[in-house]
Amino acid sequence: MKNIALLLWGVAVLSCTSQRIEQQQLPKADGRYDSEFPQQSVSDELANLSTTVKKLDCLVFYMTYVFLPDNKLDPAKLTERELNEYAIGNDVTNESVTGTAIVVYYDGEQVGMLTCAHVVDFPDTLFRFYPEGGLQSFSVKLKQQNFVAGLPEGGEVEVVASDARKDIALLKKTLSTHAPAPAVLNYPIGKTRDLEWGTVVYTMGYPLGNLMVTRAVVSKSENNGKGMFLTDALFNHGISGSPVLALRDGVPNFEWVGMASSASSKSIRYLKPGEGTSLLLSPRSPYSGEVFVDMNKSVNYGVTYSVRIEDVIRFLSSNSKIIRAKGFDQELFFK
């Protein structure tokens, strides 16, 4: 009997201890965004989020004219006659950018997607100058193709509205009525003013063309010079336009608080040999050919800027006239 009593006492102690540990681990509902990692799985919610983000590829073609040094051409007054007379050659060149688009609208026919403006905004003209100041080349945009992978009936889309300063753009794709309905991001709209030091956020997009999710924490920086909030997300090319979500009082209470925009970077200038140089040239052997200056941007990983969700809402409101003219119903966004 004594042994049985001791056994029952031990079971009761372990049960109480387990309950106390469980109570200590579960965060209390306080109405704030969570700064602790969730105690429950977020996999199902992230799987749902993954169906609403798409890979965005933008390709633009330019006709580029090249000129000899020491020319006196005025870029502001170039004429077709001058292009034909002074250009020593011309060629079609292209540039491409990859980003992420978020499906935020579907009315049975039209799909609306948000992304960052810098992904889809390409200048109509480009000028390059010689070090001495003369015009080296002039490029004029011929056409631009914006393609969103994973949309029914082909993925070429139209840019409806864009705000370069806030880095927000709205895209449009029209589908036939029998096309499969795309999933729409319909999480509640959050409040970035409620983000705190250490708030945990999730970002999902297409860095380097791969669908990935990353978890980061917020830094409550009020004066970063961009009007955006900062996280330590490991940003890489292609993640621009990805949704940023925060949890308020645990799973599954995700709220949409922003859109990943850009990372801190630094420009590195370096010398490189001219075109046609043998690839078999030893790295330590002497080189006496032509040398050119080139530039490469290096990402400072772990310093990521995100557009505030309030700016996204204001963007849709301020462009409501254009948006309605394109056939959108303002009430159906995020539904």
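For this structure, a couple of remarks:
- Of all residues making up the stretch 20-50, the number that are over 30 Å from HIS237 (Cα atoms) and either within 24 Å of the chain's Cα centre (by Cα) or at pLDDT below 50 (or both): 5
- One residue stands out among those in the stretch 138-147 that are surrounded by 12 or more Cβ atoms within 10 Å (Cβ to Cβ) and out of contact with any Asp or Glu (no Cβ under 8 Å at 6 or more places or on another chain): the one that is nearest to PRO180 (Cα to Cα), which is GLN144.
- Filter result (under 26 Å from VAL148 (Cα atoms) and not in a helix (DSSP H, G or I)) within the stretch 198-220: VAL201, TYR202, THR203, MET204, GLY205, TYR206, ASN210, LEU211, MET212, VAL213, THR214, ARG215
- If the condition is being among the small types (Gly, Ala, Ser), at pLDDT below 95 and touching a helix residue (DSSP H, G or I) at 6+ places or on another chain (Cβ under 9 Å), then the stretch 190-230 contributes only GLY227.
- Scanning the stretch 27-52 for residues that are in a loop (DSSP other than H, G, I, E, B) and without any contact (Cβ under 8 Å) to a residue 24 or more places away in the chain turns up just one, LYS28.
- Being within 30 Å of SER219 (Cα to Cα), of a type in the set (Val, Ile, Thr) and in a strand (DSSP E or B) is not true of VAL160.
- Of the listed requirements (1) loosely packed, with under 15 Cβ neighbours inside 10 Å; (2) touching a residue at least 12 places away in the same chain (Cβ under 8 Å); (3) part of a strand (DSSP E or B), ARG128 misses just one: (2).
- GLU109, sole failed condition from (1) surrounded by fewer than 17 Cβ atoms within 10 Å (Cβ to Cβ); (2) farther than 28 Å from GLY238 by Cα; (3) touching a Leu at 6+ places or on another chain (Cβ under 7 Å): (2)
- Screening the stretch 51-91 for residues that are loosely packed, with under 14 Cβ neighbours inside 10 Å and under 36 Å from the mean Cα position of the chain (by Cα) and picking the one that is nearest to TYR105 (Cα to Cα) gives THR51.
- Screening LYS55 against (1) charged (D, E, K, R); (2) out of contact with any helix residue (DSSP H, G or I) (no Cβ under 7 Å at 6 or more places or on another chain); (3) assigned to a strand (DSSP E or B) leaves a single unmet condition, (2).
- PRO152 vs. criteria part of a loop (DSSP other than H, G, I, E, B), buried (at least 17 other Cβ atoms within 10 Å of the Cβ), over 14 Å from the mean Cα position of the chain (by Cα) and at pLDDT below 95: no
- Scanning the stretch 166-197 for residues that are more than 22 Å from the chain's Cα centre (by Cα) and not in a strand (DSSP E or B) yields LEU175, SER176, THR177, HIS178, ALA179, PRO180, ALA181, ASP194, GLU196, TRP197.
The values are calculated or read from the model by the stated rules, or taken from the named source; none is laboratory data. Every value quoted in this text rests on a predicted model; they were computed, and no experiment measured them. All Cβ positions, even for glycine, are placed from backbone atoms using ideal geometry, and neighbour counts span all protein chains on display.
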